[in-house]
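What follows is a set of notes on a single structure, which appears directly below.
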Amino acid sequence: MTDRYAVIGNPIAHSKSPLIHQLFAEQTGQAMRYEAIEAPLDGFAATIRRLRAEGYKGCNVTVPFKFEAYALCDQLSSRAREAKAVNTLIFRDGEILGTNTDGTGLLADIEKNLGFKLMWKDALLLGAGGAAAGVLWPLFNAGLGVDIANRTLDKAQALADEFKGAGTVYARKYEDLTGRKYDLVINATSSGLKGELPPLPDGLFKPGALAYDMMYGRETPFMAYARKQGAAIVSDGLGMLVEQAAEAFYLWRDIRPDTRPVLAKLRT
Ligand code: ATR
């Protein structure tokens, strides 16, 4: 029987994950099916129960269920524990194993696809919601000092406090960014969804800097701002999406797909 997988979210209609996994499966000759399933907002656990009963092998989890998925797992990887959120489930031997491939996906996109070396660089992470929390530890582990800017300073401070004693992570207000410069600025806010730009000052980018928006599918006000401000590289988050999918695919199928042709195809 063909192995079955799915991505679960709400909304989910515009997910690119089914296409990405179909392209991975074709490339690696894997017999599998991958579909998008919209779970009711109060029906995530019931959806997972149904999929397990029907013999699915695993699934991806996206907004807004990553925290619920975390709570549902029998076993969690260290990446899932660090993010306190799960985007990849493996159904194995009657148990639910959970991990988080978002951080790995972001780092792979930045270092491999964009050719930007992370070690010893200064990073500014915009936002302190779930998206920001999911990539903070991976950035920190990659050797970066990280400032977190958020409109609501308390939320940024709470994230920064998790790193007490472990390294350099500071919470900052947007007003306090004036005069500071960074090698890497990552937009993990949901501002782009609303066509808004976080209140960023001029002169934020060091020479050679990368501006990365975790959103994809359109040029966001943050990307336009970064181009105007002279960031050397400006990228959306499509590569992160493909790379996190590749990591999940590898965990399920024991084969690493080549992400480059898939990313190229999605870009056309
Ligand atoms: P997600 O899980 O996608 O991160 P979230 O938890 O709702 O979603 O968090 C949204 C983040 O985007 C928050 O950090 C929010 O800032 P506040 O906590 O100060 O509200 C940030 N955000 C949303 N719109 C923004 C805007 N126009 N400018 C700056 N930050 C914005």
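The values are calculated or read from the model by the stated rules, or taken from the named source; none is laboratory data. Everything quoted here is computed from the prediction, not taken from an experiment. Here the Cβ positions follow ideal geometry from the backbone for every residue, glycine too, while neighbour counts run over all protein chains shown. With ligands, DNA and RNA removed, areas are computed over all heavy atoms of the protein, side chains included. Shrake-Rupley method; radii C 1.70, N 1.55, O 1.52, S 1.80 Å.
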Q) Are any of the residues in the stretch 12-22 outside the structural domain of Y216 (by TED's automatic domain parsing), farther than 20 Å from T259 by Cα and open to solvent by less than 50 Å² (accessible area, probe 1.4 Å)? A) yes
Q: Note down all Cβ pairs under 7 Å where the first residue falls in the stretch 118-143 and is under 17 Å from R180 (Cβ atoms) and among the charged types (D, E, K, R), the second is open to solvent by less than 30 Å² (accessible area, probe 1.4 Å) and not in a helix (DSSP H, G or I), and they're at least six residues apart or on different chains.
A: K121/L144; K121/D183; K121/L184; D122/G145; D122/Y182; D122/D183
Q: Filter the stretch 74-103 down to the residues that are within 13 Å of the ligand (Cβ to nearest atom) and among the small types (G, A, S), then identify the one that is nearest to K164 (Cα to Cα).
A: A83
Q. In the stretch 158-169, what count of residues is obtained for those that are in contact with a helix residue (DSSP H, G or I) (Cβ under 7 Å, 6 or more places away or on another chain) and either modelled with pLDDT of 95 or more or among the aliphatic types (A, V, I, L, M) (or both)?
A. 2
Q. In the stretch 111-131, what residues are in a loop (DSSP other than H, G, I, E, B), open to solvent by 20 Å² or more (accessible area, probe 1.4 Å) and within 9 Å of the ligand (Cβ to nearest atom)?
A. G129
Q) Filter the stretch 132-154 for residues that are open to solvent by 10 Å² or more (accessible area, probe 1.4 Å), closer than 20 Å to L197 by Cβ and in contact with a strand residue (DSSP E or B) (Cβ under 9 Å, 6 or more places away or on another chain); which is farthest from the ligand (Cβ to nearest atom)? A) D147
Q. So, of the residues in the stretch 213-246 that are in contact with a Phe, Trp or Tyr (Cβ under 9 Å, 6 or more places away or on another chain) and not hydrophobic (A, V, I, L, M, F, W, C), which turns out to be farthest from the ligand (Cβ to nearest atom)?
A. G230
Q: Sort through A53, A108, A71 and tell me the only one that's within 23 Å of Y5 (Cβ to Cβ), assigned by TED's automatic domain parsing to the domain that holds S190, more than 12 Å from the ligand (Cβ to nearest atom) and small (G, A, S).
A: A108
Q: Search the stretch 63-74 for residues being touching a residue at least 12 places away in the same chain (Cβ under 8 Å) and farther than 18 Å from T104 by Cβ, and hand back the single one that is least open to solvent (accessible area, probe 1.4 Å).
A: F65
Q: Can you give me the number of residues within the stretch 5-31 that are outside any helix (DSSP H, G or I) and under 13 Å from N60 (Cβ atoms)?
A: 8
(Q) Quick check on the stretch 49-62: of everything there that is surrounded by 24 or more Cβ atoms within 10 Å (Cβ to Cβ) and either at pLDDT below 95 or hydrophobic (A, V, I, L, M, F, W, C) (or both), which residue is nearest to G9 (Cα to Cα)? (A) V61
Q: Filter the stretch 91-103 down to residues that are touching a residue at least 40 places away in the same chain (Cβ under 8 Å) and more than 16 Å from R253 (Cβ to Cβ) and give me whichever is surrounded by the most Cβ atoms within 10 Å (Cβ to Cβ).
A: D102
